[in-house]
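Scroll down for the structure; my scribbles are underneath it.
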Amino acid sequence: MKFRARFGNAAQLSKLVQTLDRIGDSCVVHLTTDNVAFAIVGDAGDGIQVWADMSRSSLFVEYRIESKNNNQISFTSKVGNLHRALKSACANTNVQTIVKLTKKTGIPTFSFEIQQPQTQLKITHDVPIRLIFEAEELNRYYEPSIPEEVLANSASVVLPATELKGLRNVVERMRSFSSHIELCATNSPRENTLRLQVHKENLMSITTKYSRLEAVAQTTDGACQTAEAKLEIKKLSKVLQSLIASDLRLSSLICCIIPDKSVVLKCFLADHGSTDQESPNSIVFYLPVQYLAAD
């Protein structure tokens, strides 16, 4: 089992890992020949699941990986340790950072060797890891699969990245009125909307509606599709705050509401001038919802 790579630009990855650090304290990293992926399962992230995926070419200028598991290496790590190492790698734009899989005193380690420019000074960050070999355990740490028949009842809208701070502000104001929030997405040939609503002691309600949004897929039969979900507002706030605090550069985000199942936020990372949903780099949040009784 071997891994060695040289970063081209670690800044966006550092911000992504900082986002993860605000969701859970540990994560699983998957290294493959083409991608670097991160997973946080629900029990590590207050019920929130996260899957982040970045292409190898957007991160590294040199990359070598070998393993008996189809050239894939997976391991668990403390998110904070990874973030500190990546933050050092971004301290100076001229540093050269090599990351490799090693063993230190018999413990598997993800080592960052940071060479300062025009000096002989080399800084090493050794991040202890636990390698994962068993297929049964690995299966817990892949991107959740949602059956097509379940997605058939969902509705999705696209929000511009410029609306992220405004959405966070709306949710924070609503948080002072209720511990839960109801989201409703509507796809129709005329308009695509997202509605946020909170209720206070059955006496009043506050509603914010985003109109003239894009749809992920246009309806072809002229039908109107609506999906609603109720979730803890603190969890939605946690996700939005984590994205803004890390200053992760996004091009757009999709909000997909799957009734009685999940609210999925897929955020596309803006790399190399990418401004559309074709970017190979993204971070996806799966938020648990409560059963929403019919009126």
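A few points about this structure:
- Extension gain from F133 to K234, taking 0.36 nm per residue of separation minus the Cα-Cα distance: 32.8 nm
- Phi-derived couplings, Karplus 6.51 cos²θ - 1.76 cosθ + 1.60 at θ = phi - 60°, listed residue by residue for the range 133-146: 10, 6, 4, 4, 6, 4, 4, 6, 10, 9, 4, x, 9, 10 Hz, with x used for Gly and Pro.
- Whole-Hz ³J(HN,Hα) from phi, Karplus 6.51 cos²θ - 1.76 cosθ + 1.60, for the range 63-78, glycine and proline x: 7, 9, 9, 9, 7, 7, 9, 6, 6, 10, 10, 10, 7, 9, 7, 6
- Placing +1 on each Lys and Arg Cβ and -1 on each Asp and Glu Cβ, with no other charges, gives the range 107-196 a dipole about its Cα centre of roughly 580 debye.
- For the range 128-196, the calculated P(r) over all alpha carbon pairs, in 10 Å bins from 0 to the bin holding the longest distance, is 14, 28, 27, 22, 8, 0 percent.
- According to the calculation over all Cα-Cα pairs in the range 139-285, the P(r) per 5 Å bin from zero is 2, 9, 18, 21, 21, 16, 9, 3, 1, 0 %.
- Under the Karplus curve 6.51 cos²θ - 1.76 cosθ + 1.60, θ = phi - 60°, whole-Hz ³J(HN,Hα) for the range 160-170, x wherever Gly or Pro sits: x, 4, 5, 8, 4, 5, x, 4, 4, 5, 4
- Taking 19 Å as the limit for the C-alpha separation, the pairs K2/K103; K100/K122; K2/K78; K200/K230 exceed it in the case of K2/K78.
- Residue ranking by accessible heavy-atom surface, 1.4 Å probe, largest first, among C184, C224 comes out as C224, C184.
- With R₀ set to 25 Å, the beta-carbon distance separating F177 from R212 gives a calculated FRET efficiency near 0.40.
- When the Gaussian network model of the chain links Cα atoms closer than 10 Å, the mean-square fluctuations of K261, K87, K103 top out at K103.
- Of the residues R173, R190, R22, the one that moves most in a GNM of the chain with alpha-carbon contacts below 10 Å is R190.
- Residues whose amide H falls under 5 Å from that of S251, counting only those 5 or more places apart or on a different chain, are F268, L269, A270, with hydrogens built in the peptide plane.
- Whole-number percent relative contact order across the chain, with pairs defined as alpha carbons under 8 Å at least 6 apart: 18 percent
- A 1.4 Å probe run over the protein chains yields, for the chain, 51 Å² of accessible area per residue, whole-number rounding.
- The convex hull built on the alpha-carbon positions of the chain has an orientation-averaged projected area of 17.6 nm².
- Springs between Cα atoms under 10 Å define the GNM used for the chain, and in it the highest mean-square fluctuation of S176, S57, S252 occurs at S176.
- The slack between E148 and A223, meaning 0.36 nm per residue of separation minus the straight C-alpha distance, is 25.2 nm.
- When you count the other C-beta atoms within 10 angstrom of each residue and take the mean per peptide, 235-241, 70-76 line up highest first as 235-241, 70-76.
- Residue-count net charge about H125 - beta-carbon cut-off 14 Å; Lys, Arg +1, Asp, Glu -1: +4
- For the chain, the dipole from Cβ point charges (+1 on Lys and Arg, -1 on Asp and Glu) about the Cα centre works out to 1200 debye, to the nearest 20.
- Average projection, convex hull of the Cα set of the range 172-252: 6.5 square nanometres.
- Helix 11-21 axis, angle to the chain major axis (alpha carbon atoms, nearest 10°): 60 degrees
The values are calculated or read from the model by the stated rules, or taken from the named source; none is laboratory data. Owing to the predicted nature of the structure, the values given are computational and were not obtained by experimental measurement. Reconstructed Cβ throughout: ideal geometry from the backbone, glycine too, with neighbour counts over all protein chains shown. Quick note on the areas: whole protein, heavy atoms, side chains included, nothing else; ligands and nucleic acids left out. Shrake-Rupley method; radii C 1.70, N 1.55, O 1.52, S 1.80 Å.
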